[in-house]
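FYI, it's all coordinate maths here, none of it is from the lab. Fair warning: this is a prediction, and the values are worked out from it, not measured in the lab. Neighbour counts are summed over all protein chains in view; Cβ atoms, including those assigned to glycine, are modelled from backbone coordinates with ideal geometry.
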Amino acid sequence: MSRLRFLAPVAVAAMVFISAGAATAAPPEHVGPEEGSGTFTDSCGSFIVSGSGSGSTRYTVFKDAAGNITGFKQFVSAPADTWTNQTTGKTIVIRAHFVQTWDAETRNLTIVGFRYFVNEAGAGATVQEVGRIVYADRTEQEILSMAGRHDISNWDLIGPVLCSALE
């Protein structure tokens, strides 16, 4: 799927937080919250999916005395996005509430909370990306450790798993 609501905050964080330096602390900066809502339409191969939702994102940015970024925390809350299979009318609700922490020294990205928690009417929770996961860097390709249930731990799985939930 080409449009996924959580890719934008991650991409913004990657662009904004490029520099990194020594660990001498300066007061943290607080950015946000940024509130947003929207709708989308995309293809799941054999059917079209539409969705709507709202969310809030805020950041705490940590810098050294020279102003170089040493890390950040991103706080994301998306209480109830609704996705609908336009062919069958099947609907899922996706909830998210998580914190991403990036450390410039280790380059690790740690995510704690529930990034994707999918509920289907009559079936309950069917897809979960919940708990704690530590990636080697912000690309989220190499997993260093994880605890909890991770149905979508790899970015390549997001579209197929969520589309499958709508079949």
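So the values come out like this:
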| read-out | value |
| --- | --- |
| 5 Å binning of all Cα-Cα separations within segment 117-167, expressed as whole percents from 0 upward | 4, 19, 26, 23, 15, 8, 3, 1 |
| Extreme residue, positive dipole direction of the chain, given options HIS30, SER43, GLY122 (C-beta unit charges) | GLY122 |
| Test item: Cα-centred dipole of the chain, Lys/Arg +1 and Asp/Glu -1 on Cβ, debye | 220 |
| 10 Å Cβ shell holding at most 14 others, DSSP loop, trypsin sites (Lys or Arg not before Pro): longest site-free stretch of the chain | 4-106 |
| Potential extension, VAL31-THR88 segment - 0.36 nm per residue separation minus Cα distance | 16.4 nm |
| Choice from ALA125, ALA104, ALA66 showing the highest fluctuation, given a GNM over the chain with Cα pairs closer than 10 Å | ALA66 |
| Pairwise centroid distance, computed over Cα atoms, of segment 103-167 with segment 71-102, Å | 11 |
| In degrees, nearest ten, helix 7-16 long axis to first principal axis of the chain (Cα) | 20 |
| Pair ALA80, THR39: separation of 7 Å Cα→Cβ label points (nm) | 1.8 |
| Helical contribution to [θ] at 222 nm, DSSP H n ≥ 4, -39,500 (n - 2.57), averaged over the chain, rounded to 500 | -3000 deg cm²/dmol |
| For PRO28, net neighbour charge (Lys/Arg +1, Asp/Glu -1) across residues whose Cβ lies under 9 Å away | +1 |
| Residue exposure sequence - LEU166, LEU109, LEU157 - by fewest surrounding Cβ within 10 Å | LEU157, LEU166, LEU109 |
| Of ALA121, ALA26, ALA96, the one that fluctuates the most in a GNM where the chain has Cα springs shorter than 10 Å | ALA121 |
